[in-house]
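Report on one structure; see the data block that follows.
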2 protein chains.
Amino acid sequence: MRTKIDTDSFGFLFNDIARITRGVFAREIEASRLPVTAAEARVMAHMARSGPTRQHLLAESLGMTPMSLTGFLDRLEAAGLVAREADPKDRRAKIVTLSPKAAGTLAQIAQAGERTEQLISNGLCPEDWQTFLKTARQLRAHIDGPRGAASKAEDTV
Amino acid sequence: MRTKIDTDSFGFLFNDIARITRGVFAREIEASRLPVTAAEARVMAHMARSGPTRQHLLAESLGMTPMSLTGFLDRLEAAGLVAREADPKDRRAKIVTLSPKAAGTLAQIAQAGERTEQLISNGLCPEDWQTFLKTARQLRAHIDGPRGAASKAEDTV
DNA sequence: TCTCTTTGTTAGCTTGCCTTACTATATGTG
DNA sequence: CACATATAGTAAGGCAAGCTAACAAAGAGA
């Protein structure tokens, strides 16, 4: 049996890359004096893509529980970057929107992301990098479904 | 200027993949009733590669602070998977080793890792996947140096 | 009406790190 | 030799990014 532990195995490899990238990104963010974390940036990015959305739908799109999203939104709202508005069609629900102020923050986040990408990728040949990104996109598209949307079929514990 | 926020950008992409993978791996680990977390498994994997090592060298190879490693080792030691031995050459130092019991645990971790890899990669064509892994290895080798010098050649005590 | 579900939240836990002391020991300098 | 300084590990405590469990308010269906 050749299932030996190996720091080059897929799981460790990816976690390492993500962890190191997160660190570089965090430093870029801090250097820009942006009052958001990487995970908060992710929430904002999804909001920018979706437009005004109910919280539970946004949570689903992010692959997190509504409760986890509540925490992120609390902080983003306190920072004046998002707003929770009443849904006229359902008085339980809230519709979250990005504030006008968020546009500038999003642009700065994107710039920090680009600097991070340059720092991380600058040892690889550009073609390899593009291929890499392309496969990564395919991969995420493939694994995002089973957990984010369609996993209702088998949550019978 | 194409610095617009984009959930397909490198940072989000990788974080998503790592996060989802971590979730799948955690479920595999739990299904095997292994008493270790992913980060603890990483510590053990590095120990297996390095052999008996002083704590601060292991911490450096893992890219974490000695204090963070202390916590992991406390739990692994309590679980009987690692031992801290006195270094005869320096009474401040401790040399950490894997216990005999660790071998079986490592093998099970490796199996959980393989199942995870299969679950994650089963939508991609195998060639793409191999190319992807290869680039990932290059990438990590490249970014690991600047911050941790992790792949230092000698860790002989 | 009466029950069942959905929406968001309060409270509290876990994991995986971090910084800031602090002790014990080693090591170099006058 | 004494003393200053550096190093190895640790105790204490914090923070981010999630989680579950329990619940109130509101909708939806019988």
Exposed trypsin sites (Lys or Arg not before Pro) absent: longest stretch of chain A, with sites in DSSP loops and at most 14 other Cβ within 10 Å deemed exposed: A:102-157
Spin-label pair A:A31/B:E77, simplified geometry with 7 Å Cα→Cβ offset, distance in nm: 3.9 nm
Charge context of B:E30, other residues only, Cβ under 13 angstrom, K/R +1, D/E -1: +3
Inter-probe distance in nm under a simple model that places probes 7 Å from Cα toward Cβ, at B:E85 and A:S99: 6.0 nm
Summed side-chain charge close to A:R91 - residues other than A:R91 whose Cβ falls under 14 Å, Lys, Arg +1, Asp, Glu -1: +2
Between helix B:66-78 and chain B: long-axis angle, C-alpha atoms, 0 to 90°, nearest 10: 70 degrees
Within the stretch A:10-147: Cβ-based charge dipole about Cα centre, in debye rounded to nearest 20 (Lys, Arg +1; Asp, Glu -1): 380 debye
Eligible lysines near B:K134 by straight Cα distance, threshold 26 Å, same-chain separation 8 or greater: A:K4, A:K134, B:K152
Residue (of B:S121, B:T53, B:T21) at the positive-pole extreme of the stretch B:10-148, dipole from beta-carbon charges: B:T53
For chain A, built as a Gaussian network whose Cα springs stay under 10 Å, the top-fluctuating residue of A:A41, A:A26, A:A107: A:A107
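Given Cβ point charges of +1 (Lys, Arg) and -1 (Asp, Glu) and nothing else, what value in debye, to the nearest 20, does the dipole of the protein assembly as shown about its Cα centre take?
In total the dipole reaches around 480 debye.
Only the coordinates and a few stated rules stand behind these numbers; no lab work does. Computed from a predicted structure; not experimentally measured. Backbone-built Cβ (ideal geometry, glycine too); neighbour counts: all protein chains shown.
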